Amino acid sequence: MFDYTLLHWSAFLTAAVLLNLSPGPDFAFILGQTARGGCKGGFAAMFGIWTGAFGHVLMAALGLSAVLATSAMAFTVVKWAGAAYLVWLGIAALRSSGGGFVAESATEKPIAAIYRQGVLVSLLNPKVGIFFLAFLPQFVVDGSGPASAQLFLHGMLIIVIAAFIEPPLVLAGARLVRALRNNDRIGLWLDRGLGALFLALGVKLALSER
């Protein structure tokens with residue numbers, strides 16, 4: 001069981017690293033929350049995104065992601081829910097006064113709220129579910145165990161690889177934020193940039209096709 005060649009692992013690990021480095025709503029959310037809340041915000045967002053990704057992996061292993069790939073109605077509903085959520089996050093950031101960068105801000109967002117937002121940002125992106133459904137089966141090998149188990153293994157390894165890539169980025173971003181903590185003007189423009197990014201990602205998701 002799970003008997004793979006070196007070539008198999010080389011191809012998979014290369015693809016998984018590139019996948020985790022590619023920009024998207026998940027990556028933008030983690031970096032954005034790091035900018036606003038430092039390490040605590042960044043790690044809360046990161047764990048939320050990983051939880052959502054785990055949900056997609058589980059659905060891919062169970063075959064539920066196939067519903068998104070084959071049902072236009074299901075894809076459209078999830079797509080618009082995800083797009084609306086990203087737009088809502090973008091508007092909230094645009095309306096911010098930059099207070100997220102003030103060291104003693106009394107309006108600092110609770111860690112649990114950031115975590116929940118991360119879960120939703122990931123789960124409400126139907127393209128992630130379809131991607132896992134299209135990507136993971138390419139690494140299913142006949143005779144190496146049940147297909148569902150192989151899908152789950154490779155999906156979880158993508159999250160494990162993220163655990164090596166994303167934390168250093170959060171730590172680096174948090175160090176930069178500490179230097180900007182008490183500059184309201186820079187904080188304001190960073191919030192504006194984050195809001196514009198989420199709005200753009202929401203529009204992009206809304207215009208996407210299966």
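In segment 111-124, the residues that are of a type in the set (Phe, Trp, Tyr) reach residues that are modelled with pLDDT of 90 or more and assigned to a helix (DSSP H, G or I) with C-beta atoms within less than 7 angstrom, at least six apart or across chains, in these pairs: Tyr115/Ala44; Tyr115/Phe47; Tyr115/Gly48.
Conditions (1) more than 14 Å from the chain's Cα centre (by Cα); (2) surrounded by 15 or more Cβ atoms within 10 Å (Cβ to Cβ); (3) of a type in the set (Asp, Glu); (4) not in a helix (DSSP H, G or I), marked per residue:
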site	(1), (2), (3), (4)
Ala11	yes, no, no, no
Leu31	no, yes, no, no
Arg36	yes, yes, no, no
Ala44	no, yes, no, no
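Taking segment 104-210 and the helices (runs of 4 or more DSSP H) fully enclosed by it, the elements with 1 or more residues that are modelled with pLDDT of 75 or more and loosely packed, with under 14 Cβ neighbours inside 10 Å are at 111-123, 147-180, 184-207. From the list Ala45, Ala53, Ala16, Ala11, the lone residue that is more than 27 Å from Gln138 (Cβ to Cβ), modelled with pLDDT of 85 or more and not aromatic (Phe, Trp, Tyr) is Ala45.
In segment 19-29, what residues are assigned to a helix (DSSP H, G or I) and either of a type in the set (Gly, Ala, Ser) or at pLDDT 85 or above (or both)? Matches in segment 19-29: Ala28, Phe29.
The values are calculated or read from the model by the stated rules, or taken from the named source; none is laboratory data. What you are looking at is a predicted structure, and each value in this text was computed from that prediction instead of being measured. Note that we place each Cβ from the backbone using ideal geometry, even for glycine, and neighbour counts take in every protein chain shown.
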